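K.L.:
Right, I'll just put the structure down here and ask away after.
The values are calculated or read from the model by the stated rules, or taken from the named source; none is laboratory data. Because the structure is a prediction, the values reported are computed rather than measured. Reconstructed Cβ throughout: ideal geometry from the backbone, glycine too, with neighbour counts over all protein chains shown. Areas reflect the complete protein model, heavy atoms only, side chains present, ligands, DNA and RNA absent. Shrake-Rupley method; radii C 1.70, N 1.55, O 1.52, S 1.80 Å.
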Amino acid sequence: MNAGFASWLFGMSPVAGALGGMLGTAIGIFIVLAATTFGSALLYAISGFGFAVLAAPLFLLFLDPARAIQLVIIISTALSIVVLRGLLPTIAPWLLLRLALGSLVGLPLGLVAFRYADPILVRAAAGAMIFGFAVLMTVSRRRSGQPVPGKQWTVFAMSPSLDLAAGAVSGVASALVGQPGPPVLIYLLLVGAAAKTVRATLLAFFALSYGVTLASHAATIGIPAPTWLAAGILIPFAFLGGIAGRPIGDRLGAEAFAMVAIALLAVAGAYTLGAAAVAFAIA
């Protein structure tokens, strides 16, 4: 792979070009992207959440923003479908339906808010809330002590109205900050849903969400041929990560799963808050 082809294929940013010179070859950049895709997919298969949290910042470092975001959307859509296959029996279909319906209600509200709100302040507030929830859940779980065997740690009981509300908040978050996952994950953790149910429901929810987003991008913005080709090259690495991570997630206990999920929420919140701080500094 020469530098010219890599630049055409991935739409590398000027920063990536400089780093590519430091590495001595464009192959180095491809290795980083492939490793990022594999690692993000591994984490995604284990927890049902986190591919974009890990992949997007590194993709944005090496690629033009539009190319990076579209690659994350395409790879996430394909990965969700593949990883979900072994978890279909554990999906809670009515829960998934209510989350999806709530998301459809929240999405236009988020779009309206996005039009009039200050995007930097919105990202800062969202990042602070997600990070705060992660810290709060960690402290609450430690104060509650070790859970009784067979009993889930819960804050309140799951209900259809709360399912719809969580989906609506997810729809708003998707439009405002491009992160539909944290509200749903926080809700499922707070109601003490089983780890396999959380993973399967999140993966199914993301498959629907990313599928709709991908179709919207293709129909409105358009996805260039190099982006499709780059996604085709990186997707096998995502599949390998998903295949490696799925058995780990299947064996992960409820307590370990919750701590992994909370850690991912903390990373997502910190990243969103940091991105807002950087944007505010350069504005």
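K.L.:
Excluding ligands and nucleic acids, what accessible area in Å² is computed for R123 using a 1.4 Å probe, to the nearest 10?
P.N.:
Result for R123: roughly 90 Å² accessible.
K.L.:
Given H placed on each backbone N at 1.01 Å, which residues far from A92 in sequence or on other chains put an amide H within less than 5 Å of it?
P.N.:
T201
K.L.:
Give me, ordered by chain and number, the residues 5 or more places off L63 or on other chains with an amide H under 5 Å from its own placed amide H.
P.N.:
The answer is S13.
K.L.:
So between T220 and A263, what do we pick up on full extension, going 0.36 nm a residue minus the alpha carbon distance?
P.N.:
Stretched fully, the T220-A263 segment lengthens by 11.9 nm.
K.L.:
Now for a separate question. Kindly provide log₁₀ I(q)/I(0) values, in the same order as q = 0.12, 0.15, 0.22 Å⁻¹, from the Debye equation applied to equal alpha-carbon scatterers of the range 207-283.
P.N.:
At q = 0.12, 0.15, 0.22 Å⁻¹ the computed log10 ratios are -0.66, -0.96, -1.07.
K.L.:
Here is a follow-up. With each label point set 7 Å from Cα along the Cα-Cβ vector, what nm distance links L104 and I248?
P.N.:
Label at L104, label at I248, 3.6 nm between them.
K.L.:
Also, I was wondering about something else. For M158, what accessible surface area do you get with a 1.4 Å probe? Give it in Å², rounded to 10.
P.N.:
Estimated to the nearest 10 Å², M158 gives 80 Å².
K.L.:
If amide H atoms are built 1.01 Å from N in the plane of the peptide, which residues on other chains or at least 5 residues away come under 5 Å of the amide H of G192?
P.N.:
The answer is V155.
K.L.:
Roll a 1.4 angstrom probe over the protein heavy atoms and tell me the percent of accessible area of the range 175-266 that is carbon or sulfur.
P.N.:
Here it works out to 73 percent.
K.L.:
Something else now. How large is ³J(HN,Hα), in whole Hz, for each residue of the range 191-202 in order, when computed from phi with the Karplus curve 6.51 cos²θ - 1.76 cosθ + 1.60 and θ = phi - 60°, using x for Gly and Pro?
P.N.:
Per-residue couplings from phi come out as 8, x, 5, 4, 4, 5, 5, 4, 4, 5, 5, 4 Hz.
K.L.:
Work out, step by step, the length gained on full extension between F280 and V135: first 0.36 nm times the residue separation, then minus their alpha carbon distance; give nm to one decimal.
P.N.:
49.8 nm
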